[in-house]
Amino acid sequence: MEKGLISVDQWTQGSQAYFLTHLHSDHTKGLTSSWARGPLFCSRLTAKLFPLKFPGLNLSLLRVLDIGSWHSISLMSPSSGEKTVVQVMAIDAHHCPGSIMLLFRGEFGCLLYTGDFRWETDGERAKTARNTLLKALKEDAVDIIYLDNTYCNPSYDFPSREVAAQQVADIIASHPNHDIIIGIDTLGKEELLVHISRLLNIKIWVWPERLQTMHLLGFHDIFTTKTSLTRVRAVPRYSFSIDTLERLNTMRPTIGIMPSGLPWLVKPFKGKDKLFGSLLTPYNRSQKGANGGMQTDKRNDNLGSADRFHKYIYSVPYSDHSCFMEIQEFVKLVQPVKVRGIVSSSSCYVDPLYYFGRLCGANQPSRGLHNSEESKSLSKRVIAVQTNCYARSGNSTDAGRKRGRTPKVDFLGVNVSKANTLRRIRRGAKIAQSE
């Protein structure tokens, strides 16, 4: 695609049309209430949430993309000055409310931008998305996939959200005399909370701004801001910490649950009853208990792969991103000519070609997959790079002062910003031929 036509999840000058995959903050960096650089295309639900996220934004800039329908956009070729037409279809990304993948078609060929996505294979919603994508592609080859490679490593293997949600409900049910704290973001995990509420017949506390979001999403009877009505509270992820749980337990028995696909590991200081270390240290779930401080609660066999890495805290593998096997199945289905990851930074990047090059139409070499021992070694090296990158970005006080925008908080013993630590990476793309 010619440079200067469209941007996805990037809000600087230089494009004629702008596309937003979803409203998580790592995809809206640079987008403000005063932003007015061009038409902004998004899903209908994202458009509904915009006034809450960006009050004062000129809503006449918004262009709604109905899921599963082709939309034609007339643009001007920067090189020739002639009119060019770009067709785009939004496809449900199953990541958070309003999230979409974007399929572009035009003289440049066919491009697919996944944004953040969860490609589960079971369920009616997943089948609908699969059928929509296959119907849209027909006989067209996808020239490039811009792929959510958040968990693009074989080490990342977690269950479906339905299974993980049941694990969370089981933990809550097995602690009938405890208050429950669940760490969530400002958008996402609604299906988890609804599952808990309906299964256990309880309301769930959320903070006032989150309640507004829940009401906009159509949930009016499940959530409350009155702590007296429930023992289960969903709190902002950045406020979920060991110190908080320890203080709460001086007043009432309380446990915390962190739903995330990111496998966390914390280690104790020698001789001190404090925990430190990066929660972003990946570990192999098949080796539970082998690393410092990690243990699995065996009191309830139904807990499955839920980990108890502190006496007050469980980590449950509930993820809104695709695990490695799901990413692989997605690439197999689409068979693109090329694949590029959208999660990257100067010091930390998982190149999808390491694992999926052999699945691409151009049969690009897959570095690290042909030899099993080499693949294992590569997997370990990639994990080490990820850990160092994310841990540094989470603890860089100098970087925080330079940005001067994102407050720091203590997050389970690690000084991090309110932004989701894992996602502190470059996002968005100006789609151009040079890429």
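The values are calculated or read from the model by the stated rules, or taken from the named source; none is laboratory data. Keep in mind it's a predicted model, so treat the numbers as computed, not measured. Don't worry about glycine lacking a Cβ; one is built from the backbone with ideal geometry, like all the others, and counts go over all protein chains shown. To get the accessible areas, we keep the full protein, side chains included, count just its heavy atoms, and leave off ligands, DNA and RNA. Shrake-Rupley method; radii C 1.70, N 1.55, O 1.52, S 1.80 Å.
Here are some notes:
- Residue selected from the range 45-75 under the condition open to solvent by 60 Å² or more (accessible area, probe 1.4 Å) and in a strand (DSSP E or B), by the criterion nearest to Leu187 (Cα to Cα): Ile67
- Filter pass, Arg105 being of a type outside the set (A, V, I, L, M, F, W, C), out of contact with any Asp or Glu (no Cβ under 8 Å at 6 or more places or on another chain) and either assigned to a strand (DSSP E or B) or farther than 18 Å from Ala17 by Cα (or both): no
- Among the residues here, Pro78 qualifies as of a type outside the set (Lys, Arg), touching a residue at least 24 places away in the same chain (Cβ under 8 Å) and open to solvent by 30 Å² or more (accessible area, probe 1.4 Å).
- Candidates Gly183, Gly188, Gly218 - the one that is without any contact (Cβ under 8 Å) to a residue 24 or more places away in the chain, within 23 Å of the chain's Cα centre (by Cα) and either closer than 20 Å to His22 by Cβ or open to solvent by less than 20 Å² (accessible area, probe 1.4 Å) (or both): Gly218
- Answer residue from the range 191-215, given it is open to solvent by 40 Å² or more (accessible area, probe 1.4 Å) and of a type in the set (D, E, K, R) and is farthest from Pro259 (Cα to Cα) among those: Glu209
- For the range 101-109, the criterion of a residue being basic (Lys, Arg) and closer than 21 Å to Val337 by Cα is satisfied by at least one position.
- Residues of the range 107-125 that are touching a strand residue (DSSP E or B) at 6+ places or on another chain (Cβ under 9 Å) and more than 11 Å from Ile91 (Cβ to Cβ): Glu107, Phe108, Gly109, Cys110, Leu111, Arg125.
- Filter pass, Thr128 being closer than 22 Å to Phe19 by Cβ, open to solvent by 10 Å² or more (accessible area, probe 1.4 Å) and either under 19 Å from the mean Cα position of the chain (by Cα) or modelled with pLDDT under 95 (or both): yes
- Selection status of Trp119, in contact with a Lys or Arg (Cβ under 8 Å, 6 or more places away or on another chain), surrounded by 15 or more Cβ atoms within 10 Å (Cβ to Cβ) and either of a type in the set (A, V, I, L, M, F, W, C) or at pLDDT below 95 (or both): no
- Only residues that are touching a Ser or Thr at 6+ places or on another chain (Cβ under 9 Å), part of a helix (DSSP H, G or I) and open to solvent by 40 Å² or more (accessible area, probe 1.4 Å) were counted across the range 1-44, and they come to 1.
- Residue in the range 156-178 that is small (Gly, Ala, Ser) and assigned to a strand (DSSP E or B) present: no
- Any chance Val163 is closer than 16 Å to Pro259 by Cα, surrounded by fewer than 18 Cβ atoms within 10 Å (Cβ to Cβ) and of a type outside the set (Gly, Ala, Ser): yes
- Here the range 310-346 is the region considered, the condition is being over 14 Å from the mean Cα position of the chain (by Cα) and in a loop (DSSP other than H, G, I, E, B), and the residue that is farthest from Glu246 (Cα to Cα) is Val337.
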